[in-house]
Amino acid sequence: MTTPLFLLRCVQLGISIRDLDLLTIGMVNDMYSESRNDDYKGYSEIATQSDMDAF
């Protein structure tokens, strides 16, 4: 990843330069990856508490 691409990802996520003191490159990459999953509608089932207890 180049510096311009990293800064573009930060802008897309709304992360300021000041906030970058608190984040790592990996955290920003994870945040970007997860933000792309926000619109996914393919989750057909949501776990219940009994599912989590069985897990």
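The values are calculated or read from the model by the stated rules, or taken from the named source; none is laboratory data. Here the structure is a predicted model, which means the values were calculated and not measured. Neighbour counts are summed over all protein chains in view; Cβ atoms, including those assigned to glycine, are modelled from backbone coordinates with ideal geometry.
Of note:
- Residues that are modelled with pLDDT under 90 and within 13 Å of the chain's Cα centre (by Cα) do not occur anywhere in the stretch 7-19.
- All of Ile15, Ile46 fail the test of being assigned to a loop (DSSP other than H, G, I, E, B) and either in contact (Cβ under 8 Å) with a residue 40 or more places away in the chain or surrounded by 10 or more Cβ atoms within 10 Å (Cβ to Cβ) (or both), apart from Ile15.
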